[in-house]
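Just below is one structure, and these are the notes that go with it.
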Amino acid sequence: MVNKSQQVLEEMNKVIVGKKPVIEKIWMAILAQGHILLEDIPGVGKTTLAVALSKVLDLDSKRIQFTPDVVASDVVGFTMYDKQSGEFIYKEGAVMCNLLLGDEINRTSSRTQAALLEAMQEGNVTVDSISYELPKPFHVIATQNPLGIHGTQALPQAQLDRFLVKLSIGYPDFESQVALLRQRQEINPMNEISAVIDKAELVELQNHVKMLHMSDEILRYVTALTEETRKSNFLVHGISPRGALAICNMAKAHAFVKGSDFVTPEDVIAVFVDTCHHRIILSAHAKTAQLSEVEVLMKIIKQVVTPDTHVYQS
């Protein structure tokens, strides 16, 4: 199973040059059965990454551009009357796929954003009081432009909380961009990649990750970290129980990708910031001190005592 995981990463790295850490985190989020929010300026490869991922994992994918005129029915679907049958028939929305790429999600209305909530949390959508189950696996990769760019608006906290991680691809370094430009002169790397696993194998990997062992000591460590966020005078509110579960799921995926079958404190620390920084709200005290969400979370990691290093298999 670990070999399959490494093959996925190697195939993805053929398309996205110089971004191995980000690709690894996105793969971990998929293994943890989560959804991903990518915040970046246009043109750094967010859409390319999502398309490549769907190809490598052999997933049915759809893309929706979240402009202000997109409505909820574009996302979840709608019913319409069929004259021949005399019945109302459900017409699928963009969400009926394995991997939904929602481009620039913070440019559309709150009502349309909210249409994704049930799908992301429950794995189904309800249209005219009838629920429709989504395909399995189902993942959302949503992109948003940084706040302040014309036409953007902040996502509601309830929406943000449904994303397992919030990541940024960022600009490539000098040599990586040179390599990217050289590569694009000759070939389209998207034509050079192929499926490594299928849907059934992905679900099998996800189930394996879910069953990885977390000792009570690790669970207490996660709880101590989240409780510290709730007590911090740098935060208006801290990490919810849903956020704590997200930390556990990502920590399991991190352990799996590095080849372990149990979770250590290092796995928790490695995923803590990416899993939590979109779930917290800074207080006036933090803003006065000019602290970012990441800096506050790093302080909390240092404040909470890390369990003694030993084997966490039992």
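So how many Å³ per residue does the convex hull of the Cα atoms of the stretch 221-314 work out to?
Values: hull volume 8.3 nm³, N = 94.
Taking the convex hull of the Cα positions in the stretch 221-314, it is 88 Å³ per residue.
Please give the per residue volume of the convex hull enclosing the alpha carbon atoms of the stretch 75-231, rounded to a whole number of Å³.
Numbers: hull volume 39.7 nm³, N = 157.
Taking only Cα atoms, the stretch 75-231 has a hull volume of 253 Å³ per residue.
Quote the convex hull volume per residue of the chain, based on C-alpha atoms, as a whole number of Å³. Walk me through the numbers on the way to the answer.
On the way: hull volume 51.8 nm³, N = 314.
Value for the chain: 165 Å³ per residue.
Kirkwood hydrodynamic radius of the stretch 67-142 from all distinct Cα pairs, in Å? Before the final figure, lay out the partial values.
Details: mean 1/r = 0.0771 Å⁻¹.
The answer is 13.0 Å.
Calculate, in nm to one decimal, what Q6 and H213 gain on full extension: separation in residues at 0.36 nm each, minus their alpha carbon distance.
72.4 nm
Could you list which residues have their amide H under 5 Å from that of L235, counting only those 5 or more apart in sequence or on another chain, with H placed in the peptide plane?
S283
If you average 1/r across every pair of different Cα atoms in the stretch 1-40 and take the reciprocal, what Kirkwood value do you get, in Å?
Taking the inverse mean of 1/r over all distinct Cα pairs, the stretch 1-40 comes out at 10.7 Å.
For helix 46-56, what angle does its Cα long axis make with the longest principal axis of the chain, in degrees from 0 to 90 and rounded to 10?
Orientation of helix 46-56: about 80 degrees from the principal axis.
Give the Rg/Rh ratio for the stretch 37-109, taking Rg as the radius of gyration of the Cα atoms and Rh as the Kirkwood radius, to two decimals.
Rounded to two decimals, Rg over Rh is 1.09.
Read the figures in this text as sums done on the coordinates, not as results from a lab. A quick note: this is a predicted structure, and the numbers were derived from the prediction, not measured.
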